[in-house]
1. Under a point-charge model restricted to the Cβ atoms of Lys and Arg (+1) and Asp and Glu (-1), what is the dipole moment magnitude of chain A relative to its Cα centre, in debye to the nearest 20?
2. Under the classification rounded if a/c is under 1.5, otherwise prolate if a/b is larger than b/c and oblate if not, where does the stretch B:187-306 fall, given a ≥ b ≥ c as square roots of the Cα gyration tensor eigenvalues?
3. I'd like the distance separating the alpha-carbon centroids of the stretch A:168-225 and the stretch B:407-483, in whole Å.
4. In nm, give the distance between the simple-model label positions of A:Gln155 and A:Ala293, each being 7 Å from the Cα along the Cα-to-Cβ direction.
5. Can you compute the modelled spin-label distance between A:Ala431 and A:Arg63, with each label point 7 Å from Cα toward Cβ, in nm?
6. Amide H neighbours of B:Ile94 under 5 Å, counting only residues 5+ apart in sequence or on other chains, H built in-plane at 1.01 Å?
7. I need the calculated FRET efficiency for the pair B:Asn384 and A:Asn132, taking r as the beta carbon distance and R₀ as 51 Å, to the nearest 0.05.
8. Evaluate the relative contact order of chain A (contact order divided by residue number), counting alpha-carbon pairs under 8 angstrom at least 6 apart; express in whole percent.
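The values are calculated or read from the model by the stated rules, or taken from the named source; none is laboratory data. What you are looking at is a predicted structure, and each value in this text was computed from that prediction instead of being measured. All Cβ positions, even for glycine, are placed from backbone atoms using ideal geometry, and neighbour counts span all protein chains on display. Accessible surface is based on the protein model in full, side chains and every heavy atom, while ligands, DNA and RNA are left aside. Shrake-Rupley method; radii C 1.70, N 1.55, O 1.52, S 1.80 Å.
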There are 2 protein chains.
Amino acid sequence: MGWGDLGAFGEPSKETPNLDQMAAEGMLFLDFYTASPLCSPSRAALLTGRLPVRNGFYSTNARARNAYTPQDIVGGISDSEVLLPELLKKAGYISKIIGKWHLGHRPQFHPLKHGFDEWLGSPNCHFGPFDNRALPNIPVYRDWEMIGRYYEDFQIDLKTGESNLTQLYLQEALDFISKQQASQQPFFLYWAIDATHAPVYASKEFLGTSQRGLYGDAVREIDASVGKILQHLQKLGISENTFVFFTSDNGAALISAPKQGGSNGPFLCGKQTTFEGGMREPAIAWWPGHIPAGRVSHQLGNVMDLFSTSLSLAGLQPPRDREIDGIDLLPVLLQGKLIDRPIFYYRGNVLMALRVGLYKAHYWTWSNSWEEYSKGIDFCPGQNVSGVTTHTQEEHTTLPLLFHLGRDPGEKYPLSFASEEYQRIMERMSAVVQQHQASLVPGVPQLNVCDKAVMNWSPPGCEKLGKCLQAPPAEPKKCFWPH
Amino acid sequence: MGWGDLGAFGEPSKETPNLDQMAAEGMLFLDFYTASPLCSPSRAALLTGRLPVRNGFYSTNARARNAYTPQDIVGGISDSEVLLPELLKKAGYISKIIGKWHLGHRPQFHPLKHGFDEWLGSPNCHFGPFDNRALPNIPVYRDWEMIGRYYEDFQIDLKTGESNLTQLYLQEALDFISKQQASQQPFFLYWAIDATHAPVYASKEFLGTSQRGLYGDAVREIDASVGKILQHLQKLGISENTFVFFTSDNGAALISAPKQGGSNGPFLCGKQTTFEGGMREPAIAWWPGHIPAGRVSHQLGNVMDLFSTSLSLAGLQPPRDREIDGIDLLPVLLQGKLIDRPIFYYRGNVLMALRVGLYKAHYWTWSNSWEEYSKGIDFCPGQNVSGVTTHTQEEHTTLPLLFHLGRDPGEKYPLSFASEEYQRIMERMSAVVQQHQASLVPGVPQLNVCDKAVMNWSPPGCEKLGKCLQAPPAEPKKCFWPH
């Protein structure tokens, strides 16, 4: 989902009354970011509070590449990483993930081995249908075991876009909340729905209801579902005791437009890029009675802050034996404070850009290669900023391209290198980069090796369902990451 | 000002609390248009309820050109046109224009000859400073006579952007409203401020207060001023008896970006073009106790509707001896109805595009000429949609480019000509065009002839001020309209 996909963020169809209402009752973040322009690393960062370059969710197979966890990936979340639900356990929290995990699908990466107590969802994206010979269909798990596979037991009609998955995930969320409320146990629910990820889907009730086509239908269903979850909290009388945060793991995938692509509003490019359209996200915090209603914050926020903020809410300290990139947003949420902090824009282990205050410096620019672009893969459709949306990896480390995101949110007008403003700001930016890089200890890259043998051929529980498939012999090789 | 310039429309700095509040208390229009992608024709349409091609605010000097009223223009609003304030007089209204008139500056075009009772402002844009020999500085009028000139008596500091003009216009508005309230006389106030038009300006109090630079300062001052006007109406106890509408006369002039240019949000291109960025506008209606609070309308609206709606509010009928393009929006405002009506996108007397429902067909595409573009004049900076943002006038009348503005608000993905959807919709569009063109009687073009002799050399009242200048001999010639 992109920054521009909600009515509160200026989507011209304004079809998200529930999320807009959530913002009206809570705090709208206008400068909130992911830690990566695509899914797996962003989710790993959310749950570890650490940049992907630290937690290992990157690849060194090629330079500045976006890597994730397709089902032939060998790696996943390392045991040495400490995830939010593991820590919350110490404060008595029960944690559940509903939806897409995306931190590795092999047994050692299972979410219940990394702190979660319950799971309904899939380890990978809902791609398919596959033929179960060359590629197995993605399994859907309940807790430790698979309960079926996409396109076999969990339908997504690729022609109509119909699927009741969001309703399934919604009901599961409501039930979990009810159960926790009844047992008086504190809970962490990671509601990781994926209806706006291609192939985009929506329930029959929502199909055709949006001005925006199928993508809009999916957004409407998510919006309605969030509304139901918030109402449920209120109905159970625990809304003033429950912190809710809505955001996305990367900008809208413009490459899926117009049929399955969302909106990044006035920002440049989309998913896969380190321009604003790839990493600035819609974000809303809601906590009636604590966060004053109708506030707007310009705090530079990041999904990693949800790690630190959640710990703070639970009265816990973040781990001290490692660098944590997230910050505790409670002073922002409760007292309206603004905390000075940088935003790092990475692609793989390459620092592409840095935001400090209203300024953003690009050290490297790249959309994708000419080779990919010539095949029709366009991360910036209809947009072309000369020298900025480049199709070769352009180095600017000695003379970064500097933008003022207030005057120029679309990253179209680099500041003059000769200006006093450029000199003054770059001095500050350079110090931040230097400090960041001097102390940076990159994690072991997890997304380098792929092997068809590790696919979801025989997930735990497959025997009971008669759904075990024969894996091919192991043939590990370097994963290919084209962009 | 552009569609994307207000917080309520998704401007990422969200610096317009008063206008956002106005929307929260009234009705936000998401699909509201001007009648022309630039100032003079748009304003002529607003006050006559008629398309510029009917009221004469266009040129035939060259094909599909944007023409306006610089101070060497010979033409202006024709006596045969009936303006809103002329009609409102019949219902006892006193009408005042504060700010830019822009319908001609020669004596016969004076706003007080066309229905207005009072005026504080200028006939032309606040360009300058001029040398008063080759070009006179633009006069500022109070009612019938000039009271000074820009840059001489009414300062705009081009270096700092400081000018107190908006404050002057605000105070004049508050005083007029007070006076009318005291005398119990109904009034029409056309508050035609121009601080966001290059050269952009703001008062000292607002300079440097915006994240968006000088342009944002100007927006903030306008926002604060609108807030003061609404508060004033409330304080005087006449808010429930006063209909207020906020909109703009064309999309943000991206050519003035980044220093003086605004935002058209997710839309394509800006001022001067018939893409959405050129003609879709922020629009808010406010009338406490009548328009329900917090409503959002997808009614296709147009500045010309303010003519018809105002007449309706005053209990008057629009003229029956001519075609009126505006529609009465009261059913939309008061009962939330949706009225089916087309939006015509003209450039000069050429119908460039048509919107019906969510679909928009382009019959001609043009941003500007290669010659202009090569000089750095770019109406679509950073944007380039192949075959759409063309630099030659491309004809598509036999096979129009069709866009679905819900799925594709940025006009990036024309529908396939072969699709059933294309065939079905174009049949409907063609009928609308045919009907429109069959009955169209173009007005006499007013913007063809220019002459330095008609400039503001000696406006009425200049003698008293010692500000009369010597006009050169008459030398009428065809005005040059490059785009």
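1. Working: 43 positive and 49 negative charges, 87 e Å.
Rounded to the nearest 20 debye, it is 420 debye.
2. Details: a/c = 2.25, a/b = 1.29, b/c = 1.75.
Taking the square roots of the gyration eigenvalues as a ≥ b ≥ c, the stretch B:187-306 is oblate.
3. 49 Å
4. Each label point lies 7 Å from its Cα, and together they span 4.2 nm.
5. If labels sit at A:Ala431 and A:Arg63, their model points lie 3.0 nm apart.
6. When sequence neighbours closer than 5 places are left aside, the close amide H contacts are B:Phe187, B:Phe188.
7. On the way: r = 44 Å, r/R0 = 0.86.
Calculated transfer efficiency: 0.70.
8. Values: 1120 pairs, mean separation 117.9, N = 483.
Rounded, it is 24 percent for chain A.
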